[in-house]
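Encoded as structure tokens, the structure appears first; notes follow it.
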Amino acid sequence: MQRVRTLFLSDVHLGTRACQAEHLLEFLREFQAEQTYLIGDIVDFWAMHRSICWLPSHNTVVQKLLRRARHGERIVFIPGNHDEVLRDYVGNAFGGIEVEPEVVHETADGRKLLLIHGDIFDQVTRHHRWVAVLGDVAYNQLVRINMWLSWVRRKLGRSGYWSLAGYAKRRIKTALNFIFDFEDSAIRHARERGLDGIVCGHIHWATIKEIDGLLYVNCGDWVDSCTAIVEHFDGRLELVAWGAGAAAALPLELAPPPVAASVPLTTATAPSETVAGVAMKAAR
């Protein structure tokens, strides 16, 4: 088990068939933290309105987080758009888990980062909810198809992991433009607040990079890429892709080189290699 200062998690989507709760549990067993931030879409109430898939592993994730809160770890829940009903409970605590709309987190090396889910930077989610819901349904279908394709690949003896959802994002120019617009909006918001950067989720596109002198961090998700952000005790931020196939699901075109020695991009499965390097090898 590794002891770290902070864990940042987003887009777990408990309550859906696509949620990879087992991998998240493995990750939580490996990393013990002083504080954990749950940055939105932890529980997918949107999908649960259509159908509920609440497996024992989903329940175990909730129980594990509650147990960690009882044992003194600070856990803060920042609701996203899929669990927006919990925004009505901002300022309260449940089982020791605090509910906040956003948090300004100061890293061990003194950087002030805004923690927010990020749906406020998504104009579709804000102004065209029905389009967002339709897109969510389509994305979930891609993930389900991907689960079937993964099973077929295993039966055929094909090694490595191939992400259909990630492939679609990389190939569709509109999706890439949306991601770049999202990042620019997030950085602009952090700059207006006088902060050093931002940590968010929402778009299922894990990365750590510098944009116009500020730090942009996206936690990714636990549906496709199985990624999280870890802060070490010296303030270094690390993007962790969990599981043998997780690195291959990361965005190759947007996987950035390290911004500085203090911001490494590594995976738990191959700690000596960069996420981009592991992903490219797996994709080949």
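The values are calculated or read from the model by the stated rules, or taken from the named source; none is laboratory data. Keep in mind that what you see is a predicted model, and the values were worked out from it rather than measured. We place every Cβ from the backbone using ideal geometry, glycine too, and count neighbours over all the protein chains shown. Note: areas computed on protein heavy atoms with side chains; ligands, DNA, RNA excluded. Shrake-Rupley method; radii C 1.70, N 1.55, O 1.52, S 1.80 Å.
Descriptive notes on the structure:
- Check on LEU65, free of Cβ contacts under 8 Å to residues at least 60 places away in the same chain, within 20 Å of the chain's Cα centre (by Cα) and either over 15 Å from LEU38 (Cβ atoms) or open to solvent by less than 50 Å² (accessible area, probe 1.4 Å) (or both): yes
- Looking only at the range 30-41, residues that are open to solvent by 10 Å² or more (accessible area, probe 1.4 Å) and either under 19 Å from GLY220 (Cα atoms) or touching a His at 6+ places or on another chain (Cβ under 6 Å) (or both) come to 2 in all.
- Residues that are open to solvent by less than 40 Å² (accessible area, probe 1.4 Å), at pLDDT 95 or above and hydrophobic (A, V, I, L, M, F, W, C) within the range 89-145 comprise ILE97, VAL99, VAL103, LEU113, LEU114, LEU115, ILE116, listed in sequence order.
- In the range 6-24, residue farthest from the chain's Cα centre (by Cα) [restricted to those that are open to solvent by 50 Å² or more (accessible area, probe 1.4 Å) and touching a residue at least 40 places away in the same chain (Cβ under 8 Å)]: ARG17
- Whenever a residue of the range 85-105 is in contact (Cβ under 8 Å) with a residue 12 or more places away in the chain and more than 15 Å from ILE42 (Cα to Cα), its partners that are open to solvent by less than 50 Å² (accessible area, probe 1.4 Å) and of a type in the set (S, T, N, Q), lying with C-beta atoms within less than 8 angstrom and at least six residues away or across chains, give the pairs HIS105/THR6.
- Pair list, Cβ under 6 Å, 6 or more apart: the range 180-208 residue on the phi > 0 side of the Ramachandran plot, other residue of a type in the set (Asp, Glu) and open to solvent by 10 Å² or more (accessible area, probe 1.4 Å): HIS202/ASP119
- Residues of the range 179-230 satisfying the condition of being assigned to a loop (DSSP other than H, G, I, E, B) and touching a Gly at 6+ places or on another chain (Cβ under 8 Å): GLY201, HIS202, ILE203, HIS204, TRP205, ALA206, CYS219, GLY220, ASP221, ASP224, SER225, CYS226
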